[in-house]
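To start, the structure itself, in structure tokens.
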């Protein structure tokens, strides 16, 4: 298994202000998509958009630690067998994400996985946005891959981090799904360093998002007209 990433293929994470708190160490997802709102932290999540590759950086980087990649799939989808994670540059296998027993429906993600992590990843940071795209979802199937010791690049290297791994086949069809990461042994902090909540990569559904934004805009205009007519 390949253990250390060359800087040219870097992984990414950003120092993120989340809910008013700036984490000294936090992972942040990056991807290679283009277009408005694609792969840009909107304060709630980071949409994958039309991305074909992804990665992670760390706010106080570079750091070398045990990198875990987790795929969160809405629990009303058919359960896949696993997700193969391939290096984008070489298309060689980096690791396989297998399903964790059970369904994550409450509490923190690290608690569901059985270890401590910071920042905290409560299900409330993910499920409401998923339910906008997929109202039938009540939680997530979680798939995890342990990629071993890897060098995770600093936020300043985010431009190269978006091309580290290929998106698994079919994952972009799971609207409302997320990709997050943890850095364990070797990274600074107590326990695992987690992905900042709004730094999680989400599979959006463009048509649904467009309808949502149009609806919100229409509501705002209607409210303004009512205020002006008073």
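Every number here is computed from the coordinates shown, using simple stated rules; none is lab data. Not measured: the values here are computed from a predicted model. Cβ sites come from the backbone with ideal geometry, for glycine too, and all protein chains shown count toward neighbours.
Sorting the segments 54-60, 146-152 by their mean number of nearby beta carbons within 10 angstrom, highest to lowest, gives 54-60, 146-152. Can you give the translational diffusion coefficient of region 98-148 in µm²/s, computed by Stokes-Einstein from the Kirkwood radius over Cα pairs at 10 °C and 1.306 mPa s? It diffuses with D of about 134 µm²/s by this estimate.
How long is the gain from residue 146 to residue 185 if the chain were fully straight, where each residue apart is worth 0.36 nm and the alpha carbon distance is subtracted? Each step should come with its number before you reach the end.
Numbers: separation 39, 0.36 × 39 = 14.04 nm, distance 1.16 nm.
In short, 12.9 nm is gained.
At 0.36 nm per residue, minus the direct Cα-Cα distance, what do residue 90 and residue 156 gain on full extension? Give it in nm, one decimal, please. Don't jump to the answer; show the numbers that get you there.
Values: separation 66, 0.36 × 66 = 23.76 nm, distance 2.35 nm.
The span from residue 90 to residue 156 would gain 21.4 nm if fully extended.
First check a/c for region 7-205, with a ≥ b ≥ c the square roots of the eigenvalues of its C-alpha gyration tensor; if it is under 1.5, answer rounded, and if not, answer prolate when a/b is larger than b/c or oblate otherwise.
Working: a/c = 1.27, a/b = 1.17, b/c = 1.09.
Rounded, because the longest to shortest axis ratio a/c is under 1.5.
Explain nothing, just the number: relative contact order of region 7-205, from Cα pairs under 8 Å at least 6 residues apart, as a whole percent. Before the final figure, lay out each step's value.
Numbers: 576 pairs, mean separation 73.4, N = 199.
Here the relative contact order equals 37 percent.
Where in region 112-147 does the label zone of residue 98 land, with the point 7 angstrom along Cα→C-beta and an amide N cut-off under 13 Å? In region 112-147, the label zone of residue 98 (backbone N under 13 Å from the point 7 Å along Cα→Cβ) covers 143-146.
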